[in-house]
1. If R0 is 41 Å, what FRET efficiency do you get for residue 192 and residue 267 from their C-beta distance, rounded to 0.05?
2. Please name which of 346, 360, 312 has its Cα lying farthest along the dipole of segment 304-395 towards the positive end, using unit charges on Cβ (Lys, Arg +1; Asp, Glu -1) and the Cα centre as origin.
3. Quick check for you: which residues of segment 314-346 have the amide N under 16 Å from the point 7 Å beyond the Cα of residue 302 toward its beta carbon?
4. Report the full-extension gain for the segment residue 445 to residue 477: residue separation times 0.36 nm, less the Cα-Cα distance, to one decimal in nm.
5. With r as the distance between the Cβ atoms of residue 398 and residue 68 and R0 = 51 Å, compute the FRET efficiency 1/(1 + (r/R0)^6) and round to 0.05.
6. So what J values fall out for segment 293-305 if you push phi through Karplus, 6.51 cos²θ - 1.76 cosθ + 1.60 with θ = phi - 60°, rounded to Hz, Gly and Pro as x?
7. List the residues of segment 368-402 whose backbone N lies under 13 Å from a point placed 7 Å from the Cα of residue 295 along the Cα-to-Cβ direction.
8. Highest mean first, how do 348-360, 39-51, 20-32 rank when packing is the count of other Cβ atoms within 10 Å averaged over residues?
Amino acid sequence: MRYVVILCLLWAHAARSQELTVTASVSQTAVTTGVPFEVRFTVNGQAEKFDPPSFEGFRVVSGPNQSTSMRSINGKTTVSTSVGYGLVAEKEGKYTIQPAAVEADGKTVRSNALTITVQKGTASSSGGSSGTGGSNSDRANARRSASASKQIFIRAVPDKREVYQGQQLTVSYKLYTNVQITGNMPGKMPALNGFWSRPLESTDQRTEWTEEVVDGVRYQVTVLQQYILFPERSGKLQIDPMEMTFVIREPIATNDPFERFFGGSYREVEQDLKSPAIPITVRPLPTDGKPEGFEGAVGNFSFTTAVDRTELKANEAVNYTLKISGSGNLQLIDAPPVRIPETIEQYDPKVNDQLTESASGVSGSREFTYLMIPRHEGSYPLPPVSFSYFDPVAKRYVTLQGDPYTLQVAKGDGSQPTVGFAPGAQRDVKVLDNDIRYIKTRTPRFSKEGSGFWGSGGFVVLLLAGPVLFAAAWVYRNRQRAQNRDAGLVRNRKANKAAAKHLAAARKHLNAGDKKLFYEAVYKGLYGYVADKLNIPGAALNKAYISEQLRERGVAEEIIARVEETFDLCEMTRFAPLSGISEADVYEKAKQLINDMEHGKI
């Protein structure tokens, strides 16, 4: 309890020390009659009294709905209170919601006014004429489209509108909405011509929503995609649009007071969205003061050099590393030129990137490691390496210089030369060409001309096998299709499998001691098998009809009696226990009967 009291005292102190402000926002500035919308007043600070406006021209259907939040960032605590009202416009026209008043410490603070445009809603009816219905429907659809475009849209938001060539900028494609979204479909992604681009991949799969007020309307906002861009040329470039399709839930105007009381009706509508193109002004890099060795690096960098050793023997290797760190177009920076004595072998540098990509841009480091091998003893100076870049904030060129080094190379010991590589710098041996081959020492295998597989009997057989197999497959497929078109033939062919399935279930119930389910499975198996074999429809399936069909097919009376006896036995034992015969005997009789019919005895 003591901690709760302390927390309340801290909250009250933070609220009183905060400057009092009040902001009015609306879910949409263009509404239709009969469709509810929300007006919200956000008070930052502690207010003693809140006086809402009269909402003239509107009917209050809900509210006031109040919520309070407290946020602490870097030790600074802010308290905000939100008061919302649900309104419904009753007549079309243009209305102004007057400011709300808030009092604290004897001072009165007023919010901004809101302007609402009310359009006539289209009430649903069961009938109507066709004379003007089409034009009214078109106008209604146009109004809905215009209203939806204000309720949900995509914007490309760059962090800079004017940059230098090669200077990084970040663009965020944001979705603004104050309607419910039920689905989305990807569309055309931006081409971003004229930029070297990198999409930012989010590790968090959850969609994070924030609130923004645009032209007095409060929207829920989320970032769809972010790109890091580096302009490749100067002049006027543009950030291309992003296209997506969203399925939104749109309210339907109605004159039914009960529907209006419970929130009204909705329908799902597909809305195609396309963000507007954003122009970007790219200034060329200045020519005044451009260093001679400038290679296009733009940003803010540091530069260091290092060698892994300065004393070594001839034919031993040394690694010379140049490291560029900072933020900017690191991935576009090439290795600075290195001047090395001619008696030292130099290999292409190995590039190692340690980069971090975020909404603020690309930062990290890029290393260039040269492998060098001096072949003779002596003292070899390595002149300092220079690196130049353009700082877009200071608007000037900066040249950084590494340290000079001197390699002291002693005489080699005459053994096989050893090559030292930097960690991870080793490469597999690659075969560059096969123009020189080794002499073969084995006896070659010769063959007579014309004795190969081409033109032989086996070749002819394989050549003819293709059309023959194709014709056989075609005949087989047509035969299968013809058989499958005959429903009676299909039933006859599958009768044994269906009966076997029921008898397997009967055996399972017999082993479990469940007599009721056992007899039911045997009964279904027999009736189903006879019906499929004789192609008897389910509606006519009974013992008398089955016996009649068997007699028409010339089956002996003794066999028909066996069939009727087995059916009677299954029917009686399903409802009353019998003595003198076991379940195993019933199972064997049914199995033998199906087996006889399957092998043509019936």
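1. The value I calculate is 0.70.
2. Ranked along the dipole, the leading option is 360.
3. Taking a point 7 Å out along Cα→Cβ of residue 302, the residues of segment 314-346 whose backbone N falls under 16 Å are 322-328.
4. That works out to 6.8 nm of additional length.
5. Result of the calculation: an efficiency of 0.50.
6. With coefficients 6.51, -1.76 and 1.60, one gets x, 5, 10, x, 6, 10, x, 9, 10, 10, 9, 9, 10 Hz.
7. 368-370, 385-389
8. Taking the mean over residues of other Cβ atoms within 10 Å, the ranking is 20-32, 39-51, 348-360.
The values are calculated or read from the model by the stated rules, or taken from the named source; none is laboratory data. What you see is a predicted model; the values in this text were computed from it and never measured. Using ideal geometry, Cβ is built from the backbone for each residue, glycine included, and neighbour counts are taken over all protein chains shown. For accessibility, only protein heavy atoms count, side chains too; no ligands or nucleic acids. Shrake-Rupley method; radii C 1.70, N 1.55, O 1.52, S 1.80 Å.
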